1. Using 5 Å bins from zero, what percent of all Cα-Cα pairs in the range 298-365 falls into each bin?
2. On a 21 Å Cα-Cα criterion, which of the cross-link pairs K84/K132; K194/K215; K67/K157; K194/K335; K309/K335 come out too long?
3. Using every Cα-Cα pair within the range 173-407, state what percent have a distance larger than 25 Å.
4. Rank by packing, highest mean first: peptides 70-82, 115-127, with packing defined as the count of other Cβ atoms within 10 Å averaged across residues.
5. Distance from the Cα centre of the range 383-409 to that of the range 242-264, in angstrom?
6. Select from the chain the helices, each a whole stretch of DSSP H, whose alpha-carbon atoms run 30 Å or more along the helix axis and whose Kyte-Doolittle mean is at least -1.0; answer none if there are none.
7. What residue among T317, T253, N394 has its Cα farthest toward the positive end of the dipole of the range 173-407, where the charges are +1 on Lys, Arg and -1 on Asp, Glu, each on the Cβ?
8. In whole Å, what three semi-axes, largest first, describe the equivalent ellipsoid of the chain built from its Cα gyration tensor (square root of 5 times each eigenvalue)?
Amino acid sequence: MQSKQNSPEAKLQMKDLQLNSLFETIRSINDNASEENLYKIYRFTLYSNQSIDKLALYVDDQDWYCKSSFGTKNKYQEISLLEKVKQIKEITVLKDKVFEDTPFEEFDLVIPVRHKETILAYAFIGVPAKAKTEGLLDIDFIEALTNIIIVAIENKKLARKEQQQEAFKRQLEIAKDVQSLLFPKKLPYNDNLKIVASYLPHHSVGGDYYDFIEKGTEKFLVCIADVSGKGVPAAIMMSNFQAALRVLVRKNTELKNIVEELNALILQNSGGENFITAFFAEYHYAQKSLTYINAGHNPPFLFTSDTQKHFLEEGTTILGGFETLPFLNICTINKLENFLLFCFTDGFIETYNEKGEEFGVDQLSDFIVKHRNMDQRELHSRLIKHLYHFKGKNMYIDDITLLSCSVRH
């Protein structure tokens, strides 16, 4: 005699309930239900299904986690998915001895949920004995419901990721605008003073900075800097650095005090998480003296003649790393009438060619010595082309900034 639950009427009624469940699920998705609520709907729908008495749903959310479960002996939220399960591509009955002595042996089957060729989830199902004997288990329904829920959640993740990317893109645009305001709009290029700068950002927003500030008619200051980090935080830090530097220079603050004030500002704004390497040089026309402080930056070259070259290394450590700079040496070079000061960031010398060879300081220095008397703008152009040919098919690994300053009396 056919049982009531196994009768055509009962099966039709079950199909009707299943369809209503699917429609309600789709309606919740269209109403923009949260991921948490969608998992609750999924759990409640299967919990009320008499053909299922155990569930553990594992979802690929960067790693495999159990997102929903009921009726199990084990707490699967604390159990990692077995590597052997990840090899399962089709609905599989878990009678294989491979799953013996593992938590998953309490289930009867596992249903992989895929979107196109990618498996997004594994639904582990336990079936009560009565459902097995009466053939009540509807795998197609379980598979369809799981697929609808998981794909909807994946779409939510994708939409959220796209929103984050759009927000990040807007942030980069803002940072790029901020950064463009940092660089001086016009640099002097005359018989007595020539300042040339070249800037090649590795990304749309870089962490390099250079500046030229006149202090009346008697002095000027040049600066090159490199902030750790990229994007909006780096652009904001550098804009604060620039604003403070210009205020301090125009107040005619001594170079030593400028560096100490900037160190305090960076430490205050970054909490010690970011730092800046920088080089500051101040030239006094009448005294024919160059005073500089190197704050952990690549030592610039100072050419006083065709043969004499100096590395400007004296100064202090990086800015933003210590409340009080552990040492601070100020160096002044006197009787300096005609010279070329050449500054750069580490992105230039740390560029590698296809053989794994670094461009290096020596090659940069040799190139400048060889082309010392070339027009300064042409020197920059030739040097950048030389680096481009040197790297071959390799990518630049960092921002690149060159800043040169020549004085003639």
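Each value in this text was obtained by applying a stated rule to the coordinates, not by laboratory testing. Fair warning: this is a prediction, and the values are worked out from it, not measured in the lab. Cβ: placed from backbone, ideal geometry, glycine included. Neighbour counts: every protein chain shown.
1. 3, 13, 19, 18, 16, 15, 10, 4, 1
2. Pairs exceeding the cut-off: K84/K132.
3. Here the long-distance tail beyond 25 Å is 39 percent of all Cα pairs in the range 173-407.
4. Values: 70-82: 14.6, 115-127: 17.4.
Those peptides, ordered most packed to least, come out 115-127, 70-82.
5. Distance between centres, Cα-based: 28 Å.
6. Numbers: long enough: 8-30 (33 Å, -0.43); 139-182 (63 Å, -0.13).
In the chain, the long hydrophobic H runs are 8-30, 139-182.
7. T253
8. Over the Cα atoms of the chain, the ellipsoid semi-axes are 70, 21, 18 Å.
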